[in-house]
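> I have a structure here, written as structure tokens, and I will follow up with some questions on it.
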Amino acid sequence: MILTHQGHQPQIHPTAYVAPTATVCGNVVIGPDCRILHGAQLIAEGGSIVLGEACIIMENAVIRSTERHAAAFGNFCLVGPNAHLVGCTVEDEVFIATGAAVFHGARLGKGSEVRINGVVHLRSHLPAGAFVPIGWVAVGDPIQILSPDQHDQIWAIQQPLNFPSFVYGIDRTELTMEKLTRQLAGALAAHREDTVIS
């Protein structure tokens, strides 16, 4: 399904393919020879999503942008099934495997890999050619790649990155779930005005 959002209509190159069960919404640019497979969702909510040449977005992957965080992909990238990416920059020839997650402000260098269920956290930079092992967490800049059982070390790097402030503009000292969900519900209400193009 192709939808407008906040006055923006997706731009899809004529050589690209978008499966009929995929969703492309808002300020999304899909480059030549890209393939957006069944169930994939590219949802631009304020910020843009741009895919370069021959990017493959597999089944049920989700790519989102927000007003604060656009998403940009270089050429020849592959995003595996059930992966989730939001507001990040992905350079050329990057492989993101099944179930991986890449968060706001992250940057994946050319030829890097995020393997199955790997995580690249908020504001973290994975250098060119580097990889995140299966199920591990990459956090920080410079990056540290840690196993998921190293929560205290991950949190020590992650906490100063200030997820609530960077993502939602809410200082951690003022954060409540009510405040967060009310703010997010207000922003997401704009989808009521989306128009189906095809």
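> What is the set of long-range amide H partners of Leu42 at a cut-off below 5 Å, with H atoms built 1.01 Å from backbone N?
Thr23, Val24, Cys25, Ile63
> Near Ser48, within a Cβ-to-Cβ distance under 13 Å, what is the net charge of the other residues, with Lys and Arg +1 and Asp and Glu -1? Could the numbers behind the result be given before it?
On the way: positive: Arg64, Arg68; negative: Glu45, Glu67.
Here the count lands on 0.
> Something else: What spacing in nm lies between the two simple spin-label points modelled at Gln11 and Ile197, each 7 Å away from Cα in the Cβ direction?
The modelled label-to-label distance comes out at 1.1 nm.
> By count of other Cβ within 10 Å, fewest leading, how are Tyr17, Tyr168 ordered? Numbers along the way, then the final one.
Details: Tyr17 14, Tyr168 17.
Least to most surrounded, the residues fall as Tyr17, Tyr168.
> Quick check on the chain: helices-only [θ] at 222 nm, where DSSP H runs of length 4 and up contribute -39,500 (n - 2.57) each and the sum goes over total residues. Nearest 500, please. Present the calculation step by step, with values, prior to reporting the outcome.
Working: 2 runs with 20 residues, N = 198.
Value at 222 nm, helices only, nearest 500: -3000 deg cm²/dmol.
> How many angstrom lie between the C-alpha centres of segment 1-29 and segment 94-146?
Using only Cα atoms to place each centre, the spacing works out to 26 Å.
> Picking from Phe73, Gly99, Pro10, whose Cα lies most toward the positive end of the charge dipole for the chain (charges on Cβ: Lys, Arg +1; Asp, Glu -1)?
Result: Pro10, furthest along the dipole toward the positive end.
> Can you give the net charge of the other residues whose Cβ lies under 9 Å from the Cβ of Gly111, counting K and R as +1 and D and E as -1?
Numbers: positive: Lys110; negative: Glu91, Asp92, Glu93, Glu113.
Net of charged neighbours comes to -3.
> Stretch Thr21-Arg68 to full length: gain in nm at 0.36 nm per residue minus the Cα-Cα span? Numbers along the way, then the final one.
Numbers: separation 47, 0.36 × 47 = 16.92 nm, distance 2.78 nm.
In short, 14.1 nm is gained.
> If you don't mind, another one. What distance in nm separates the simple spin-label points at Lys110 and Arg182, each placed 7 Å from Cα in the Cβ direction?
4.8
> Here's a follow-up. Please list, ordered by chain and number, the residues whose modelled amide H lies under 5 Å from the amide H of Val18; skip anything fewer than 5 residues away on the same chain.
Those qualifying (amide H under 5 Å, at least 5 residues apart or on another chain) are Ile36.
> What number comes out for the charge environment of Pro127, summing +1 per Lys or Arg and -1 per Asp or Glu over other residues with Cβ under 13 Å away?
Values: positive: Arg107, Lys110; negative: Glu91, Glu113, Asp141.
Net charge around Pro127: -1.
> Neighbour counts of other C-beta atoms within 10 Å: give me Met177, Met1 arranged from fewest to most. It would help to have the intermediate numbers written out before the result.
On the way: Met177 7, Met1 14.
Neighbour counts put them in this order, fewest first: Met177, Met1.
> Can you give the relative contact order of segment 2-196 as a percent, counting alpha carbon pairs under 8 Å and 6+ residues apart?
On the way: 576 pairs, mean separation 23.4, N = 195.
Computed over segment 2-196, the figure is 12 percent.
> I need the shape label for the chain. Rule: rounded when a/c is under 1.5, else prolate if a/b > b/c, else oblate, with a, b, c from the alpha carbon gyration tensor.
Numbers: a/c = 2.13, a/b = 1.19, b/c = 1.80.
Here the chain falls in the oblate category.
> Calculate, in nm to one decimal, what Asp92 and Asp33 gain on full extension: separation in residues at 0.36 nm each, minus their alpha carbon distance. Walk me through the numbers before you get to the answer.
Working: separation 59, 0.36 × 59 = 21.24 nm, distance 1.46 nm.
19.8 nm is the gain from fully extending Asp92 to Asp33.
We did not get these values from a lab; they are worked out from the coordinates using the rules stated. Note that the structure is predicted; figures quoted are calculated from it, not measured. Glycine gets a Cβ as well: all are built from the backbone with ideal geometry, and neighbour counts include every protein chain shown.
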